[in-house]
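Taken together, the values in this text are just the output of simple stated rules run on the coordinates, not laboratory data. What you see is a predicted model; the values in this text were computed from it and never measured. Here the Cβ positions follow ideal geometry from the backbone for every residue, glycine too, while neighbour counts run over all protein chains shown.
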Amino acid sequence: ISGFLRIKLLAPAKSLRVSTTDGDLLWNAEHLPAGESQTEADLVLIEDSLELLVEVNFGDEGDETAFFLTVLPDGVEEQTCYAIGSGRVEEILNYEWDLY
């Protein structure tokens with residue numbers, strides 16, 4: 001399914017990487033400002049679900065922050081998951097839809 005990925009960062013990030021748990025790279029970016037950014041992506045839903053590995057490097061600052069990743073597949077309701085952390089944050093986010 002084609003669609004979009006939208007990330008909302010509460011703090012600037014040195015780097016962002018979003019991939020499937022199988023290792024397919026969906027988004028790779030550097031020096032993202034705080035706020036929202038988005039990109040197009042080809043999404044493969046397996047049994048109406050999607051698992052994404054998100055790696056965000058906020059730098060060496062010790063302050064805790066968060067990011068919100070919204071998946072917007074064409075023709076399907078958008079869903080948002082989030083993670084909280086500091087420095088380098090790696091999280092597997094799980095999205096599920098009831099398509100039938």
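In order along region 27-33, phi translates into HN-Hα couplings of 7, 9, 9, 10, 6, 8, x Hz, rounded to whole numbers, per the Karplus curve 6.51 cos²θ - 1.76 cosθ + 1.60 with θ = phi - 60° and x for Gly and Pro. Evaluating 6.51 cos²θ - 1.76 cosθ + 1.60 at θ = phi - 60° for every residue in region 81-91, the Karplus couplings come out as 10, 9, 9, 10, x, 9, x, 9, 10, 10, 8 Hz, glycine and proline recorded as x. The dipole here belongs to region 4-69: it is taken about the Cα centre, uses +1 on the Cβ of Lys and Arg and -1 on the Cβ of Asp and Glu, and is about 240 debye. In a DSSP loop and with at most 11 other Cβ atoms within 10 Å, there are no chymotrypsin sites (Phe, Trp or Tyr not before Pro) in region 29-99. Remark: the Glu78-Ser37 segment gains 13.2 nm on full extension, using 0.36 nm per residue and subtracting the alpha carbon distance.
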